[in-house]
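**Q** The structure that follows is given in the form of structure tokens.
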Amino acid sequence: SDGGNPVKIGGIARTANPTAVANADRASLYMDDLGRVITYPNVPRDLVNQNHVSLANTTETTILSAVASTFLDLVSLDISNEGSVEVRCDIRDTTAGSVVWSIDLAADGGGIAKVWHQPWKQSSVNTNWTAQLSTGTGPVKVSVQAVQNN
């Protein structure tokens, strides 16, 4: 029953991905074949940035390059220490900025796979994400994924 006379909306039932539309074009509400609304976490895949770097010294290194007028909010970070020395890896959300996240990595395979359910917010637009090791070792492998936000 439709008590209170709500306004109904409709969508397109899909069993496969729809064809992409151009930026700013109108699009249909995406639903499965049972009428449930399909949503994706965070942003469309066109707005996902990712990168992989290898670190071996204490130089602050860009792990994700800035995008003009855009926040890059982290959704995942994988770090693995393949070196024979324990090391701390510091993460910054702007080059030469304050450390926003750190992890101590055991030698020979110590690491972390971190996924944020709510993206880790970058503090300002137009800035890189960087990583820096506390001591020369390595390699330390860093894989990062972020979503673009305004």
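The values are calculated or read from the model by the stated rules, or taken from the named source; none is laboratory data. Not measured: the values here are computed from a predicted model. Positions of Cβ are generated from backbone atoms using ideal geometry, with glycine treated the same way; all protein chains shown enter the neighbour counts. Accessible surface is based on the protein model in full, side chains and every heavy atom, while ligands, DNA and RNA are left aside. Shrake-Rupley method; radii C 1.70, N 1.55, O 1.52, S 1.80 Å.
**Q** Please specify each residue of region 126-150 satisfying the condition of being under 11 Å from ASP93 (Cβ atoms) and either without any contact (Cβ under 8 Å) to a residue 60 or more places away in the chain or out of contact with any strand residue (DSSP E or B) (no Cβ under 6 Å at 6 or more places or on another chain) (or both).
**A** THR127
**Q** Hey, does region 137-144 have a residue that's farther than 13 Å from ILE79 by Cβ and either open to solvent by 40 Å² or more (accessible area, probe 1.4 Å) or small (Gly, Ala, Ser) (or both)?
**A** No, region 137-144 contains no residue that is farther than 13 Å from ILE79 by Cβ and either open to solvent by 40 Å² or more (accessible area, probe 1.4 Å) or small (Gly, Ala, Ser) (or both).
**Q** For ALA131, indicate whether it is out of contact with any helix residue (DSSP H, G or I) (no Cβ under 9 Å at 6 or more places or on another chain) and not in a loop (DSSP other than H, G, I, E, B).
**A** So ALA131 passes the test.
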